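Student: Shown below is the structure under consideration.
Where a number appears in this text, it was derived from the coordinates with a stated rule and is not lab data. Values in this document were obtained by computation on a predicted structure and should not be read as measured data. Here the Cβ positions follow ideal geometry from the backbone for every residue, glycine too, while neighbour counts run over all protein chains shown.
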Amino acid sequence: MPCERAQQLEAYLDGELDAAAAAVVESHLETCGECRKAKSQIEALRTALREKATYHRADAKLRARIRASLDKETPRTNVLRFPGVRAMWAGAAGGAISTALAASLAFFLLMPAAGDPLITDITNAHLRSIASEHLIDVVSTDRHTVKPWLAAHADLSPPVADFSKQGFKLIGGRVDFLEGVRSAVTVYRHGAHIVNVFAWANYEEELPDFATRNGYHIVFWKSGNLTFCAISDTSIDDILALSRLLKGLSQTDARE
Amino acid sequence: MDDRRRRFEAQALPHLDAAINLARWLTRSHADADDVVQDAMMRAWRAFDGFRGGDIRPWLLTIVRNCWRTSMSERKRRGHVALPEENTQQPGDELTYAGPSPESAAMQSDAGRKLDAVIATLPDEFREVLILREMEDLSYREIATITDVPLGTVMSRLNRARAMLREKWLGEVESEASHAL
């Protein structure tokens, strides 16, 4: 016999209740075994849907097809104003990068790089990491593996932790280059989204708190001599939540 | 490239994965999903001046879902019956398919494939709310707008979708776990 509060429980787990209504559900959970069981099942389903079920992605063929249709509907004189970039990518395609990857990257890179070159670098590094599947050099959900690996390969030891409980699952780390400088990248999964967190040392330039490029949100912060940048296509609020968790961690690290 | 085109590429194209994911789950066919998304992106492009800012993803997904509905009614009118593909993967998919997650398509477990199959058997109106809520992390209000039903209907469909999944999938996983003991 399902509890009459079952639907309210779902609204609670979906983050749809205000604080007062959420408190009512929380105290109800303490006394209702039926709802506790339902809660753990819904959470297990959610994890499975986000981590085990297939999240389909657009392939290069579809991207090229849409681009061609857009070209047809864009006034001719304004299209293909960057032959150099196209030629460069066509050349790259013959080399190490597959044509499919080149097509999907060219799709983004054809847009003129405007604004801060660092933001362009970060956005491109993020896109590369997702498009090329070179997302992770060290695959691990354990901070005790990722942190020493980054220390050894990037000469940096940024704070690393698994925040699965808060919705950010640590999935690994890699080394990437921003403006030619080596940076340590920790990679988190948030729902279906990937968040790359870059860290690098001794960056003197002024940085904005946020930026948005190509629909990706970017959040910057500093801690000690390290500069951090988190980028993802998830909402800016989610990225800020992760940045707060990492800032808290920096303070704990400093005390240790 | 003119300014309108540049803005469209910068705002809409990062959500192409969300569009194709919804279309794949709605159509359960690689080729049909590509057609739906192609159609949807061109409609979005033509309607782009009417987009009033804010979060573009729900706006795009609304167009994707409308295109899917249109393609279904056209098929019915022409007498075609849409057959869901039993195994959502098609031969040749592995060549162009970018994978369920950036780690590796090959890593998708048996449990993942079974879960995919169970989701595919849910009726359309339950499958779509589940995908929008759990994979796209959209709010009830956004889902209500996209699927064009009242908020209460979103809640009851989501509740029903989860109940079906719990029964079909958790039941299977648990019985396997007890067999393994």
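Student: Per residue of B:14-24, how many C-beta atoms from partner chains lie within 10 Å of its own C-beta, taken as a mean? Provide the component values of the computation, followed by the final result.
Tutor: On the way: counts 7, 3, 7, 8, 7, 4, 7, 6, 1, 2, 5.
If you average over the peptide's residues, the count of other-chain Cβ atoms is 5.
Student: Give me a single rounded figure for A:189-195: the average over its residues of other chain Cβ atoms within 10 Å of their Cβ. List each step's numbers first, then the result.
Tutor: Details: counts 3, 1, 4, 9, 4, 2, 0.
Mean number of neighbouring Cβ atoms from other chains: 3.
Student: Under the Kirkwood approximation applied to all pairs of distinct alpha-carbon atoms, what is the hydrodynamic radius of region A:113-237 in Å? Kindly include the intermediate steps, with their values, before the conclusion.
Tutor: Details: mean 1/r = 0.0691 Å⁻¹.
When all Cα pairs of region A:113-237 are included, the Kirkwood radius is 14.5 Å.
Student: Report the far tail of the P(r) of region B:27-76, meaning the percent of Cα-Cα pairs longer than 14 Å. Don't jump to the answer; show the numbers that get you there.
Tutor: On the way: 634 of 1225 pairs.
Every Cα pair in region B:27-76 considered, those over 14 Å come to 52 percent.
Student: Check the straight Cα-Cα distances from A:LYS61 and name the aspartates and glutamates below 20 Å, setting aside those fewer than 8 residues away within the same chain.
Tutor: Once the sequence-local aspartates and glutamates are set aside, what remains near A:LYS61 is A:ASP71, A:GLU73, A:GLU133, B:GLU9, B:ASP17, B:ASP32, B:ASP34, B:ASP35, B:ASP39, B:ASP93, B:GLU94.
Student: Mind scanning A:LYS165/A:LYS247; B:LYS76/B:LYS114; A:LYS37/A:LYS247; A:LYS169/A:LYS247 and naming the pairs with a C-alpha gap bigger than 27 Å?
Tutor: On the way: A:LYS165/A:LYS247 17 Å; B:LYS76/B:LYS114 30 Å; A:LYS37/A:LYS247 34 Å; A:LYS169/A:LYS247 17 Å.
In this structure, B:LYS76/B:LYS114; A:LYS37/A:LYS247 exceed 27 Å between Cα atoms.
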